[in-house]
Amino acid sequence: MSDSTSRPALVLFAAGAARWPHWEGPLRAALKAAGVAADLVTEAAPEEVDFIVYAPGGDTPPDFTAFTRCRAVLGLWAGVERIVTNATLSQPLCRMVDPGLTQGMVEYVCAHALRLHLGIDAQLRAQDGRWNHAAPPLAGERPVAVLGLGALGTACARALAGLGFPVMGWSRRQKTLPGIDCHQGRQGLQAVLSRAQIVVTLLPATAQTENLLDTETLGWLPHGAAIINPGRGTLIDDAALLAALASGRVGQATLDVFRVEPLPPDHPYWGHPRVTVTPHIAAETRPATAAPVIAENIRRGLAGEPLLHLVDRQAGY
Ligand code: NAP
């Protein structure tokens, strides 16, 4: 399908030269499969561009002002905190919801939840010839809280429930999800945290979620609870978490995201006996599964249909 001006849509790939070789083939194939007549380019006169495929990079935020005919900026990442506040962006902004990225997050969260639940770290450390027969409980005895019930949180909550964990969820607006005990609001957060033995944080970085896990909210957790944070580093007050680890309120923290990335070598999280640092690898956008999402949004934009995964600029995610 082509634009009403009957020239192919001009799609600017502005996600970094290093990514282009990985995305060019999948994007061209997906545009073709979606029946979209498009010129996919890495350079163009801004006033000619119809869609921008975008990932933040570099030190200077881009100026979107000159992209006067651009119908949408299509982000490659699920998190949009590095673009949503760009005052020059007047075009609709779509974030990425990619089946491959979601599957990766489900695998990461379930793997670490099972690892913490089964005490696998202790088993790995205890290869000392002593036969310490202590069977772990079943998942049904280990309540898990998932903070954030969006594309990723919902998929993880469902997968955890499928493994047998009693799953509580928390989101900004009240949700109803079969098999998940859903809550919202500050009281809902307290209700969820005060019962959770494992907490998974899959919230976006916004002003409202900054330091959500602080001294007060960490204090609501049962003694020895574990935290898995593949959301954003800003969700956690680091000093409060280190204090909660020291007091034993938090027994283990598995952290994938940090305020400063890469995590500085001298950060106390590195080498902490009860912290696992993973280098922002929980889930990645996969060109093979994400390119069709981009192509579908371009098709929709050209056809005048509602775009998928529009960012709510007011809410910031
Ligand atoms: P999403 O679909 O936008 O979902 C966000 C969820 O957070 C929604 O349930 C939303 O509530 C909830 N929320 C937002 N603000 C809130 C608040 N103030 N109080 C309570 N709940 C709030 O996002 P997603 O695709 O699931 O992704 C979640 C985050 O994961 C991303 O923003 C990104 O930071 C992170 N991420 C990390 C990696 C990694 O590799 N580590 C990879 C991808 C994404 P409503 O349902 O009411 O809107």
>> Taking amide H atoms as placed 1.01 Å from N in the peptide plane, list the residues 5 or more away in sequence, or in a different chain, whose amide H sits under 5 Å from that of Tyr317.
In response: Asp312
>> Before I look further, what does the chain give for accessible area per residue, probe 1.4 Å, in whole square angstrom?
In response: 48
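Please give the contour-minus-distance gain from Ala122 to Ala66: 0.36 nm per residue of separation, less the Cα-Cα distance, rounded to one decimal in nm.
Details: separation 56, 0.36 × 56 = 20.16 nm, distance 5.71 nm.
Going from the current span to full extension adds 14.4 nm.
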>> To test your reading of the geometry: what angle, between 0 and 90 degrees and rounded to tens, separates the Cα axis of helix 99-118 from the longest principal axis of the chain?
In response: 10
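Calculate the FRET efficiency for Thr88 and Glu305 from the Cβ-Cβ distance with a Förster distance of 35 Å, rounded to the nearest 0.05. Each step should come with its number before you reach the end.
On the way: r = 26 Å, r/R0 = 0.74.
Efficiency, rounded to the nearest 0.05: 0.85.
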>> So if each residue of separation counts as 0.36 nm, and I subtract the Cα-Cα distance between Arg259 and Thr215, what length gain in nm does that give?
In response: 14.1 nm
> Helix 238-247: angle to the longest alpha-carbon principal axis of the chain, degrees 0 to 90, nearest 10?
Replying inline: 20
> To the nearest whole percent, what portion of all C-alpha pairs in the stretch 13-159 is separated by more than 25 angstrom?
Replying inline: 50
>> I need the phi-derived Karplus couplings for the stretch 190-196: 6.51 cos²θ - 1.76 cosθ + 1.60, θ = phi - 60°, integer Hz, Gly and Pro marked x.
In response: 5, 4, 6, 5, 5, 10, 7
>> Please list, ordered by chain and number, the residues whose modelled amide H lies under 5 Å from the amide H of Ile228; skip anything fewer than 5 residues away on the same chain.
In response: Val199, Val200, Thr201, Thr254
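Which value, in nm² and rounded to one decimal, describes the direction-averaged projected area of the C-alpha convex hull of the chain? If you can, show how the numbers build up before the last one.
Numbers: hull surface 73.1 nm².
That works out to 18.3 nm².
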> Got a number for the accessible area of Arg69? Probe 1.4 Å, square angstrom, nearest 10.
Replying inline: 80
>> I'd like the accessible area for Trp23, computed on protein heavy atoms only with a 1.4 Å probe and all protein chains in place. Round to 10 Å², please.
In response: 10
> What angle do you read, to the nearest 10 degrees and between 0 and 90, between the alpha-carbon axis of helix 287-303 and the longest principal axis of the chain?
Replying inline: 50
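Send over the per residue convex hull volume for the stretch 99-277, Cα only, as a whole number of Å³.
Details: hull volume 22.5 nm³, N = 179.
Residue-normalised Cα hull volume stands at 125 Å³.
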>> Positive end of the dipole of the chain, charges at C-beta (+1 Lys, Arg; -1 Asp, Glu), about the Cα centre: which of Ala225, Ile83, Pro264 has its Cα farthest in that direction?
In response: Ala225
> For the chain, what proportion of DSSP beta bridges, expressed in % and rounded to the nearest 5, is antiparallel?
Replying inline: 5
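Tally up the carbon and sulfur contribution to the accessible surface of the chain as a whole percent, 1.4 Å probe, everything protein left in place. Mind dumping the intermediate values first?
Working: 8540 of 15190 Å².
Summing carbon and sulfur atoms, their accessible area is 56 percent of the total for the chain.
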>> If R₀ is 22 angstrom, what is the calculated FRET efficiency for the pair Val97 and Thr278, using the beta carbon separation as r and rounding to 0.05?
In response: 0.50
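For the full complex of protein chains and a 1.4 angstrom probe, list Ser90, Ser171 by accessible area with the highest value first.
Numbers: Ser90 105, Ser171 10 Å².
Sorted by accessible area, descending: Ser90, Ser171.
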>> I'd like the distance between the alpha-carbon centres of the stretch 95-149 and the stretch 225-248, rounded to an integer number of Å.
In response: 17
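The values are calculated or read from the model by the stated rules, or taken from the named source; none is laboratory data. These figures come from a predicted structure and were not determined experimentally. Using ideal geometry, Cβ is built from the backbone for each residue, glycine included, and neighbour counts are taken over all protein chains shown. For the accessible areas, the whole protein counts, side chains as well, though only heavy atoms, and no ligand, DNA or RNA atoms are used. Shrake-Rupley method; radii C 1.70, N 1.55, O 1.52, S 1.80 Å.
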